[in-house]
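Worksheet for the structure shown next.
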Amino acid sequence: MNQFIKPVVVVSRCLGFDACRFNGDIIQDHFLNTLREYVEVITVCPEADIGLGTPRNPVRLVESKQQGLRLVQPVTGIDLTDSMKHYAESFIEKIHKPIDGYILKSRSPTCGIKDSKVYSEKGMVTGKTAGVFARKIVDSQHHLAIMDEGRLKNYLIRENFLTKLFLLASFRERKKQKSIQALVQFQSENKYLFMAYHQQKQKELGRIVSNGENQSLENIFDLYEQKLHELLEHSRSVKSNINAMYHILGYFSKQLLPEEKAFLLTLIEKYREKRIPLSNPLMVLNSWAVRFKADYLLDQTIFQPYPEQLNDLTDSGKGRDY
């Protein structure tokens, strides 16, 4: 069974940690309540942390003709934009350990990643954008796993977020070991998962590990990390997942009965047609790795990229477009 490194995740404090919403509420989230056992959490509440208190008068994003997008408190008329930007910059600079991801409060004028409401000076909603704190985080740390709790209610988004989060934590641990053997192992066990993201980038990572130019270990890790971030900018598509599964199937093609191979190909086609989840054909491939004692495949993270206890097939049906 895979041993997973605990990712370090910054989470909006109102999401089950403290009653710090503007109205004094705390929001309980089923997924986050489960996740807490498997990650190290650092909480943040930008509005409370800049001294607004709890409860407090609400703040909102207002598009000003003279000054552009501003964070204001309508009741008091106070403009909090600069204060919030300075807080975000200070938070990033002073955080005491490497971060693997963020889970921020959706729709918040400070923490919303894409869905914070924008108001006109007359009080009409004119659109949506990122909150002031979230924008600073995304602009400076876009390579991390960053999501809001609303979009994580979507099964596929949640699966992709967790995969990236635990991948980054695993690489962070290998980087601390400062050995080429650790990097070789990381590349080896993630081969098919990387292929499911982007096959060409996976090959480029392999070439960096082979160190054909005899670079220093520090340079190798730096180059590898840069290329890893580029790979993770791509989303796993149905087509790329199927490509990875066909490569895994190549290990067994001569050992399988025709009926067995046909069964898997049928499952893959059902997955292509979005009639079954990816886990169904992967489970068959995993069982064959056990059956044929394919140790190399049994170590592949594509079969279990994060703790199985975090698997949850519930899906809000929302989250794809905002």
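Observations, loosely collected:
- Top-ranked residue of segment 107-134 - restricted to ones that are among the charged types (D, E, K, R) and in contact (Cβ under 8 Å) with a residue 24 or more places away in the chain, ranked as farthest from Thr163 (Cα to Cα): Glu121
- Condition check for Ser235: closer than 27 Å to Lys261 by Cβ, in the same structural domain as Phe263 (by TED's automatic domain parsing) and of a type outside the set (Asp, Glu): no
- Scan segment 2-31 for residues that are in a loop (DSSP other than H, G, I, E, B) and in contact with a strand residue (DSSP E or B) (Cβ under 8 Å, 6 or more places away or on another chain) and the total you get is 6.
- Qualifying residue in segment 208-216 (condition: closer than 30 Å to Lys97 by Cβ, at pLDDT 95 or above and among the polar types (S, T, N, Q)): no
- Of all residues in segment 249-267, exactly one satisfies the criterion of being hydroxyl-bearing (Ser, Thr, Tyr) and not in a loop (DSSP other than H, G, I, E, B), namely Thr266.
- Subset of segment 205-232 [touching a residue at least 24 places away in the same chain (Cβ under 8 Å) and either over 23 Å from Leu156 (Cα atoms) or loosely packed, with under 12 Cβ neighbours inside 10 Å (or both)]: Leu205, Val209, Asn211, Leu217, Ile220, Phe221, Tyr224, Glu225, Lys227
- Note on segment 51-87: among residues that are surrounded by 18 or more Cβ atoms within 10 Å (Cβ to Cβ) and of a type in the set (A, V, I, L, M, F, W, C), the one that is farthest from Arg21 (Cα to Cα) is Val62.
- Hits in segment 280-294 - residues which are in a helix (DSSP H, G or I) and surrounded by 14 or more Cβ atoms within 10 Å (Cβ to Cβ): Asn280, Pro281, Leu282, Val284, Leu285, Asn286, Trp288, Ala289
- Any hit, segment 90-106, residues being assigned to a helix (DSSP H, G or I) and either touching a residue at least 60 places away in the same chain (Cβ under 8 Å) or within 23 Å of Ile27 (Cβ to Cβ) (or both): yes
- First in segment 246-273 and farther than 16 Å from Phe303 by Cα, second anywhere and among the charged types (D, E, K, R), Cβ under 7 Å, 6 or more apart: Ser253/Lys261
- Which numbered condition Thr163 misses (of (1) surrounded by fewer than 20 Cβ atoms within 10 Å (Cβ to Cβ); (2) closer than 17 Å to Tyr102 by Cα; (3) polar (S, T, N, Q)): (1)
- From the list Leu152, Leu183, Leu156, the one residue that fits, being in contact with a Phe, Trp or Tyr (Cβ under 9 Å, 6 or more places away or on another chain), part of a helix (DSSP H, G or I) and either within 30 Å of Ser108 (Cα to Cα) or at pLDDT below 95 (or both), is Leu152.
- If only residues of segment 117-130 that are touching an Asp or Glu at 6+ places or on another chain (Cβ under 9 Å) and not in a strand (DSSP E or B) are counted, the one that is nearest to Pro74 (Cα to Cα) is Glu121.
- The listed residue being among the aliphatic types (A, V, I, L, M) and not assigned by TED's automatic domain parsing to the domain that holds Gln28, out of Leu144, Leu104, Leu69, Leu156: Leu156
The values are calculated or read from the model by the stated rules, or taken from the named source; none is laboratory data. In this text the structure is predicted, and so the values were computed from the model without any measurement. Positions of Cβ are generated from backbone atoms using ideal geometry, with glycine treated the same way; all protein chains shown enter the neighbour counts.
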